[in-house]
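The values are calculated or read from the model by the stated rules, or taken from the named source; none is laboratory data. Note that the structure is predicted; figures quoted are calculated from it, not measured. Note: ideal-geometry Cβ built from the backbone for every residue, glycine included; neighbour counts use all protein chains shown.
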Amino acid sequence: MKKMNLMSACKKAHVELAEEFLAAGANVHETTRKGKTALMYAARGGHPKLVSLLLEHGADVHAQTLSGKTPLLYACSAGQEGAATLLLEHGASVQVHTAEGRTPLMEAARSGATGLVEALLNRGAEPEARDALGATALMLAARKGRWGTVQLLLKRGAQVQAQDVLGRTAFLHAASKGRRDVASLLLRHGAQLNEADKEGYTALLLAALRGKRRMVEFLLSCGANPDARNHAGAGLAELARLSGHPQWAEMLRQGKL
């Protein structure tokens, strides 16, 4: 069994042990080989008392791992609003990003922590920031089906028609994952039903390719073009067959939905 230290105490959320290690002179700035600190473990675990304790002992709120993650990024990715709030109050930057371009706002949006998303926006987080693949906070929230977060981002001016490197909008991301409620919300805010990405995939085609039958039915009921084809010439029925649903594909081919 490994011997306990400050890092492992924080990882396991043992506040009293962490207090003992700190009182005995444990190095609050110690890092793992990848650059993780005790504060990062506490933030990810969402333990405000532990986060506060470490901050009181001088833990670096701006510390970054080799991949660029900060304590705030860890808290946001885990949707830990309490821990994130403490970090923000101690000066954590909302503009920092990982090597992949992920910001605290993106991570909070992806986790569906709507209250935290609002707090970050109020502190100046940029809603249109892009990660390495061109995704925005709105796209990441839409992919995960975070309806409340998507609604908030739209209210705060997030661009519905923003596209990632594949030419996909939040609406296309929502459709590809079968997020009907989010897709419906985005349509009400200006998403284009028959828009296509750089490969010619519409929301309907992406839903068929991913085997999202209910999404396909929903989009057809909204008036999506059933004759759309991607740039390779594949249509609705063929993509449904490729998704592993031959009977469904045949029904689509015969127009029985």
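Brief remarks follow.
- Of residues in the stretch 95-154 being over 21 Å from Val182 (Cα atoms) and in a helix (DSSP H, G or I), the one nearest to the chain's Cα centre (by Cα): Pro104
- Against the test of being modelled with pLDDT of 95 or more and in contact with a Gly (Cβ under 7 Å, 6 or more places away or on another chain), the options Val61, Val96, Val51 yield a single qualifying residue, Val61.
- Candidates Ala228, Ala249 - the one that is more than 28 Å from the chain's Cα centre (by Cα) and either within 24 Å of Val182 (Cβ to Cβ) or not in a helix (DSSP H, G or I) (or both): Ala228
- Residues in the stretch 155-184 that are surrounded by fewer than 21 Cβ atoms within 10 Å (Cβ to Cβ) and in a helix (DSSP H, G or I): Lys155, Arg180, Asp181, Ser184.
Here's the yes/no breakdown for (1) closer than 18 Å to Glu107 by Cα; (2) in contact with a Phe, Trp or Tyr (Cβ under 6 Å, 6 or more places away or on another chain):
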{"position": "Thr31", "(1), (2)": "no, no"}
{"position": "Met40", "(1), (2)": "yes, yes"}
{"position": "Val51", "(1), (2)": "no, no"}
{"position": "Ala59", "(1), (2)": "no, no"}
{"position": "Pro71", "(1), (2)": "yes, no"}
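- Of the residues in the stretch 79-91, at least one is more than 15 Å from Pro48 (Cα to Cα), modelled with pLDDT of 95 or more and either of a type outside the set (Asp, Glu) or touching a helix residue (DSSP H, G or I) at 6+ places or on another chain (Cβ under 8 Å) (or both).
- Of everything in the stretch 1-42 that is surrounded by fewer than 22 Cβ atoms within 10 Å (Cβ to Cβ) and among the polar types (S, T, N, Q), the residue that is farthest from Leu87 (Cα to Cα) is Asn5.
- Some residue of the stretch 229-243 being crowded, with 19+ Cβ neighbours inside 10 Å, under 24 Å from Leu138 (Cα atoms) and of a type outside the set (Lys, Arg): no
- Among the residues here, Leu88 does not qualify as buried (at least 24 other Cβ atoms within 10 Å of the Cβ) and either over 19 Å from the mean Cα position of the chain (by Cα) or not in a loop (DSSP other than H, G, I, E, B) (or both).
- Residues satisfying the stated conditions in the stretch 185-212, i.e. in contact with a helix residue (DSSP H, G or I) (Cβ under 6 Å, 6 or more places away or on another chain) and closer than 26 Å to Gln247 by Cβ: Ala203, Leu204, Leu205, Leu206, Ala207, Ala208, Leu209, Arg210
- Against the criterion of being under 30 Å from Leu105 (Cβ atoms) and in contact (Cβ under 8 Å) with a residue 12 or more places away in the chain, Leu236 does not qualify.
- Taken over the stretch 137-154, residues that are of a type in the set (Phe, Trp, Tyr) and surrounded by 20 or more Cβ atoms within 10 Å (Cβ to Cβ) amount to 0.
- If you go through the stretch 65-77 and keep only what is crowded, with 18+ Cβ neighbours inside 10 Å and either of a type in the set (Phe, Trp, Tyr) or assigned to a loop (DSSP other than H, G, I, E, B) (or both), you end up with Thr65, Lys69, Thr70, Tyr74.
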